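For reference, the structure discussed in these notes is given below.
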Amino acid sequence: MRKSVVAIVGRPNVGKSTIFNRLAGERISIVEDTPGVTRDRIYTEAEWLNQPFNIIDTGGIEIGDAPFLVEIREQAELAIAEADVIIFMVNGREGITGADEEVAKILFRSNKPVVLAVNKVDNPQMRDQIYEFYSLGFGEPFPISGTHGLGLGDLLDATVQHFPERAEMQEDEETIHFSLIGRPNVGKSSLVNALLNQERVIVSDVAGTTRDAVDSTFTREGQDFVIIDTAGMRKRGKVYETTEKYSILRALKAIERSDVVLVLINAEEGIIEQDKKIAGYAHDAGKAIVIVVNKWDTVESDEKKMKEFEDEIRAHFLYLDYAPIVFLSAKTKKRIHTLMPAILTASENHAKRIQTNVLNDVIMDALAMNPAPTYKGQRLKVLYATQVAVKPPAFAVFVNDPELMHFSYVRFLENRIREAFGFTGTPIKIFPRRRS
Ligand code: GDP
Ligand code: GDP
């Protein structure tokens, strides 16, 4: 199921990032550049009325040294391109300005739903000042105060009403969705083309309202696949598309919709910091992962070289020890046949369910082999475990006291589960729960 996306647009200083930060849930991070800068994140998850959605703070996408008006126009275009619903924010203390009218004109031409938020309405007396904003043409203005957290409930009620129907957001469960992420020039588009040109693949042309126009759909040996477009794969020529934050935002959106994420690394250049950051997003999102070392044609390849490269990857990506590594060349197609089987295996494991009795046999054997240690003078008792979710597989382990379950013991159980059930390609999660 794809999540709805809400974008906040408006001229500088109306309070976009203040509201964004208020709406941002617990989930950390996402776009971090320089720590300490208020605009370190522009994309995050939020929830209202049990509906999770993503929010974009368009103000965080600064477009080099573009003139003021160009910048806010581009931010409005970006919101139209990326969001299901747009929150158009103005400043209740300043009234309508020329820049507000400029943004309004652009939003008006799109057919995206727009909810008008009048910020900085810090007390009830100021509510009388919001009526002039009707003239922007987006219906009822919602008075809010970012600093005091007022009016947000009504604003969000109006926003979620515009979310697309659930049916429209549904992505076919049987279809394997995957995306390719990696820094520019690593070979993402080349690899997509190489995959789509393989003889055993039947490329389909599916047009539909719910699919991103640039997704590619194909069938291979009876299994349907969708390759989700990521930044850099299509260059459409808008100004904002050249900014780094936008390409990260696109990658995050693609990861969100994927079952499997291919993390591409350039064999010619080795691993750089940016690769780790990108892989970290996919891991945090709980997606299945395949590491693809592309441009393998540029390396004098023998078994030894491959082993060396693998060791280097393992050392850099300690937390991705479950991800298989595939070496190939999108250009010469060398070893390209090794990719689809790796995607299939990772996807199957990501969705795998283990029967409770089989799981508990493994857990009980593990306990017998390595009894739970005492911690703070008390002994952990593990009663039983059960799988509570898939994509990724998650296990609840019922214990006398979760506090006693040290992370090294969680790690030990995870390793035993992996050895027994072979979860290659997928992260798995273990949650200690209290049961006396
Ligand atoms: P952005 O540029 O649109 O993201 O605006 P910011 O969120 O950075 O806010 C700009 C300024 O307005 C900051 O000094 C905020 O503290 C202030 N501000 C934000 N929301 C409110 C509000 O509801 N009331 C008042 N009085 N000030 C606010
Ligand atoms: P993207 O920006 O990640 O989509 O990368 P592209 O697919 O546009 O590729 C960037 C450059 O790398 C192009 O010049 C490609 O021809 C080249 N390239 C892609 N894959 C390979 C490969 O496997 N081997 C070699 N030698 N070059 C490649």
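Residues in segment 167-184 that are of a type in the set (S, T, N, Q) and farther than 15 Å from Val263 by Cβ were compared, and the one that is nearest to ligand 1 (Cβ to nearest atom) is Gln170.
Please go through segment 140-174 and pick out each residue that is in a loop (DSSP other than H, G, I, E, B), out of contact with any Ser or Thr (no Cβ under 8 Å at 6 or more places or on another chain) and under 25 Å from Ile255 (Cβ atoms).
Kept after step one, since they are in a loop (DSSP other than H, G, I, E, B), are these residues of segment 140-174: 140-141, 144, 146-149, 151, 162-165, 170-174.
Add one more test, that the residue is out of contact with any Ser or Thr (no Cβ under 8 Å at 6 or more places or on another chain), and what stays is 140-141, 144, 148-149, 162, 165, 172-174.
Result: His162, Glu165, Asp172, Glu173, Glu174.
In segment 293-304 there is at least one residue matching the filter, namely being closer than 25 Å to Pro392 by Cα and away from ligand 1 (no atom under 16 Å from the Cβ). The criterion of being assigned by the TED database to the domain that holds Phe421, crowded, with 17+ Cβ neighbours inside 10 Å, assigned to a helix (DSSP H, G or I) and not small (Gly, Ala, Ser) does not hold for Ile343. With respect to being of a type in the set (Phe, Trp, Tyr) and closer than 23 Å to Leu69 by Cβ, Phe142 falls outside the description.
For segment 242-262, enumerate the residues that are of a type in the set (Val, Ile, Thr) and modelled with pLDDT of 95 or more.
Going through segment 242-262, the residues of a type in the set (Val, Ile, Thr) turn out to be 242-243, 248, 255, 260-261.
Selection gives Val260, Val261.
The values are calculated or read from the model by the stated rules, or taken from the named source; none is laboratory data. These numbers were taken from a predicted model, which means no experiment stands behind them. Quick reminder, even Gly has a Cβ in these numbers, built from the backbone with ideal geometry, and neighbours come from all protein chains shown.
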